[in-house]
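Some notes on the structure that comes next.
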Amino acid sequence: MRTLLGTYRILIVDDSQAVRESLGWLLRDESSLIVAGEAASGSEAIRLTIKLEPDIVILDIELPDTDGFSVTGQLKALPHPPLVVLLSIHSDAISRQRGALAGCDAFVEKGTSWPKLLAVLRKVLNLAE
């Protein structure tokens, strides 16, 4: 999974450009994580995952053309599925359960502190703190 440069490639998927930019700024400061691409819809997320083969996809649940649960299931069915971290304003038990059933590797509520989000990414990627 890890690239030759010792980094992990991330695809950010959110219909909000501001969220994508904010996550990109956060991740650019992490030497072991690089942003491989960004997508604003579920169909674009699937297309870019196939093309870019990221190690991890940070995926919003609410997208303009489908939901993140459906996208997660499609990503996990790929020959080389990425890790999927669902990111949402909905942190209720039903949303978390739907994410788990779809195959997500982690679920993070939007508004979570940057250090906590990075800790989740490190845990999913099995990186030492």
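Here are some notes:
- The amide H of residue 108, built 1.01 Å from its N in the peptide plane, has 86, 87, 88 as neighbours under 5 Å, considering only residues 5 or more places off or on other chains.
- Counting only residues at least eight positions apart within a chain, or on another chain, the lysines with an alpha carbon under 24 Å from that of residue 76 are 51, 110, 123.
- At q = 0.10, 0.21, 0.22 Å⁻¹ the log10 of I(q)/I(0) for the chain amounts to -0.26, -1.31, -1.46, computed by Debye summation with a single uniform scatterer per C-alpha, solvent ignored.
- Summing Cβ point charges (Lys, Arg +1; Asp, Glu -1) relative to the Cα centre of the stretch 48-129 gives a dipole of roughly 200 debye.
- Most fluctuating residue given options 73, 111, 99, as computed from a GNM of the chain linking Cα atoms under 10 Å: 111
- Net +/- balance of residues flanking residue 18 in space, Cβ distance below 15 Å, scoring K and R +1, D and E -1: -4
- Neighbourhood charge, 10 Å Cβ-Cβ cut-off, centred on residue 68 and excluding it, Lys, Arg +1 and Asp, Glu -1: -3
- Taking 0.36 nm per residue of sequence separation and removing the Cα-Cα distance, the residue 52/residue 100 pair yields an extension gain of 14.9 nm.
- Between amide H atoms placed 1.01 Å from N, distances below 5 Å from residue 39 occur with 12, 13, 14, all of them 5 or more places distant or on a separate chain.
A short reminder: the numbers here are calculations on the coordinates, not readings from a lab. Owing to the predicted nature of the structure, the values given are computational and were not obtained by experimental measurement. Ideal geometry is used to build each Cβ from the backbone, glycine not excepted, and the neighbour counts take in all protein chains shown.
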